[in-house]
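Here is the structure we will look at.
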Amino acid sequence: MHDVYNTRLGLAREVTGDWFEELEETVKALKQSSLEEVRLIEAEFTEGDCVIFTDQDMQEVLGVIYFQRRISE
């Protein structure tokens, strides 16, 4: 999973110059983790969505990436 999100971070930096909140921190945590399997949980909130990266037993959270909702005018 580190390779996938590291690539996304690199593309976001090079193409848009911007990336989602906590993406960089999550990529670092994934790289440093010794976990072989990482669980990805998507959650929806009024303010926006997030993706949570955790171990299979949900005992250790590696990172959370936040996606803020865009308000239509």
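The values are calculated or read from the model by the stated rules, or taken from the named source; none is laboratory data. Everything numeric in this text was worked out from a predicted model, so none of it was measured. Virtual Cβ from ideal backbone geometry, glycine too; neighbours counted across all protein chains shown. These accessible areas exclude ligands, DNA and RNA; they are computed on the full protein's heavy atoms, side chains included. Shrake-Rupley method; radii C 1.70, N 1.55, O 1.52, S 1.80 Å.
At a glance:
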| quantity | calculated |
| --- | --- |
| Odd one out for residue 27 among (1) more than 16 Å from residue 66 (Cα to Cα); (2) among the β-branched types (Val, Ile, Thr); (3) in contact with a strand residue (DSSP E or B) (Cβ under 9 Å, 6 or more places away or on another chain) | (1) |
| Meets criteria (part of a helix (DSSP H, G or I), without any contact (Cβ under 8 Å) to a residue 12 or more places away in the chain, among the acidic types (Asp, Glu) and open to solvent by 100 Å² or more (accessible area, probe 1.4 Å)) for residue 3 | yes |
| Neighbours by Cβ (under 7 Å, 6+ apart or cross-chain): first from segment 39-63, in contact (Cβ under 8 Å) with a residue 24 or more places away in the chain and closer than 14 Å to residue 29 by Cα; second part of a strand (DSSP E or B) and of a type in the set (Gly, Ala, Ser) | 53/63 |
| Selection within segment 7-30 - out of contact with any Phe, Trp or Tyr (no Cβ under 7 Å at 6 or more places or on another chain) and among the small types (Gly, Ala, Ser) | 10, 17, 29 |
| Per-region count, segment 13-34, residues closer than 14 Å to residue 3 by Cα, aliphatic (A, V, I, L, M) and without any contact (Cβ under 8 Å) to a residue 40 or more places away in the chain | 3 |
| Search result, residues across segment 35-72 that are at pLDDT 90 or above, part of a loop (DSSP other than H, G, I, E, B) and open to solvent by 100 Å² or more (accessible area, probe 1.4 Å) | 37, 57, 58, 59 |
